[in-house]
Amino acid sequence: MTHVGIDIEQFTRDPYGSGIQRVLQYLAIQWPTDGPTGSFVLPHPDGHLLLTPEQAAAVLSVPFAAGTSDAGEIRALVDAAIAQAQGTVVEPGTLLSMVDRWLLPEVSYLPSVLDRLELMAECMPVAMIGYDALPMIEPANYRFPPGTTAQVSQYFRMLARADAVVCISEYSRTSIWDRLRRERSAVTTVAHPGGDHITPRPEEQRSKQPADTGTCTFIKVGTLEARKKPLETIEAFRLLREQGLDAQLVLLGRPSSSDPDINHQVQVAVDADIGVSWIHDARDEEVLEHLRRADVFIAIGTEGYGIPVLEAICQGVPVVFDGIQPAAELMTGAGATRLDASRPSTLAQSLHHATEHRRELAQQIDLTAIPTWREFVRGVLAVL
């Protein structure tokens, strides 16, 4: 039987519950018992630590329920979970003889991860999950520490030449083909991450959405990077308020790591008391609660995929979107509606219309259209 090694060192070095790490979590949770053997591989002083999918799932789930945003505390919790997992320690040579496929499921610029990937590529077929080529397309949104440019380049070179790449969206695949010049004859498939990691809001609760009157709560989820247009969203919301619309805007996401001025401007809007609130971090349960209190989810700008879109629809919250939003495009007509966000003024007009028709938008939701994690994992395994 095929034995797949899955490298999760990047996660252990920087666990914080991102969308990418959600993919890792459900890769372990949904790994089939009747499929290939899967060993999730971590560095260890004596070589490598191998976790079963069940053991890895417990470790990979820690950041999503950590109850803290402190990086040091999350790492300590992850380290404790790894110790409790009691995986198998093997020497490097033993690892090479055990596995016959290698998978890098997360973006990583760590020299140890990339060197291991290069080594495995000399010995066996290697596969990668391709998220996007955004650092090449929109470099202003990314600030890499000095001295790491070579590793960033090495990661994208490997993404271009890996034996197989499973992309999270058609947009990601096209970007990897066009920007990274990956050969189109190479195995490059698409598998959509799921939205069924949270329980759908009961039908009776979704059917009791408020009428298209009263305060409208908009929510936008994601890191406050420029490509996600947080300031444009705030400006459109400000215009709505000036028109007398009774509305609130909830921004739920970590601060921008590439542009501190964005964080400052968002905080200025919060302090202005115009109905804008900003939640820096939240556990899964808190995200779920904020989604359930929202009336309309806003997704504009550029995303490689956009799992929060699926989470919102799962809770009965309609999505309005513009720009590159693969998950929202998948759900068009089943809970997602494209609008015009080309300028703050046109976005304000579109949001005003969404406010007046929020119940009608919610009635279009079709939960059966939401991709599942089981389907995603099957898509990954198909190339292994």
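The values are calculated or read from the model by the stated rules, or taken from the named source; none is laboratory data. Since we're looking at a predicted model, the values are computed, not measured. In this analysis, Cβ positions are derived from the backbone assuming ideal geometry, glycine residues included, and neighbour counts consider all displayed protein chains.
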- prompt: Which residues, taken from the range 32-62, are more than 24 Å from LEU114 (Cα to Cα) and touching a Pro at 6+ places or on another chain (Cβ under 8 Å)?
  reply: VAL62
- prompt: Filtering the range 1-45 down to residues that are charged (D, E, K, R) and assigned to a loop (DSSP other than H, G, I, E, B), which residue is surrounded by the most Cβ atoms within 10 Å (Cβ to Cβ)?
  reply: ASP14
query: Within the group ALA57, ALA76, which residue is closer than 23 Å to ILE168 by Cα, without any contact (Cβ under 8 Å) to a residue 40 or more places away in the chain and hydrophobic (A, V, I, L, M, F, W, C)?
result: ALA57
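Here's the yes/no breakdown for (1) among the β-branched types (Val, Ile, Thr); (2) assigned by TED's automatic domain parsing to the domain that holds TYR131; (3) crowded, with 17+ Cβ neighbours inside 10 Å:
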{"position": "GLU242", "(1), (2), (3)": "no, no, no"}
{"position": "GLN248", "(1), (2), (3)": "no, no, yes"}
{"position": "TRP278", "(1), (2), (3)": "no, no, yes"}
{"position": "ARG292", "(1), (2), (3)": "no, no, no"}
{"position": "ALA312", "(1), (2), (3)": "no, no, yes"}
{"position": "VAL320", "(1), (2), (3)": "yes, no, yes"}
message: Condition check: part of a helix (DSSP H, G or I), within 24 Å of the chain's Cα centre (by Cα), closer than 18 Å to VAL250 by Cα and acidic (Asp, Glu). Does GLU375 satisfy that?
response: no
- request: Identify all residues within the range 149-169 that are hydroxyl-bearing (Ser, Thr, Tyr) and within 21 Å of the chain's Cα centre (by Cα); write none if there are none.
  value: TYR155, SER169
message: Yes or no: the range 340-347 includes at least one residue that is surrounded by fewer than 23 Cβ atoms within 10 Å (Cβ to Cβ), acidic (Asp, Glu), touching a strand residue (DSSP E or B) at 6+ places or on another chain (Cβ under 7 Å) and under 23 Å from LEU239 (Cβ atoms).
response: yes
message: Looking at the structure I just gave you, is SER175 small (Gly, Ala, Ser) and either within 17 Å of the chain's Cα centre (by Cα) or outside any loop (DSSP other than H, G, I, E, B) (or both)?
response: yes
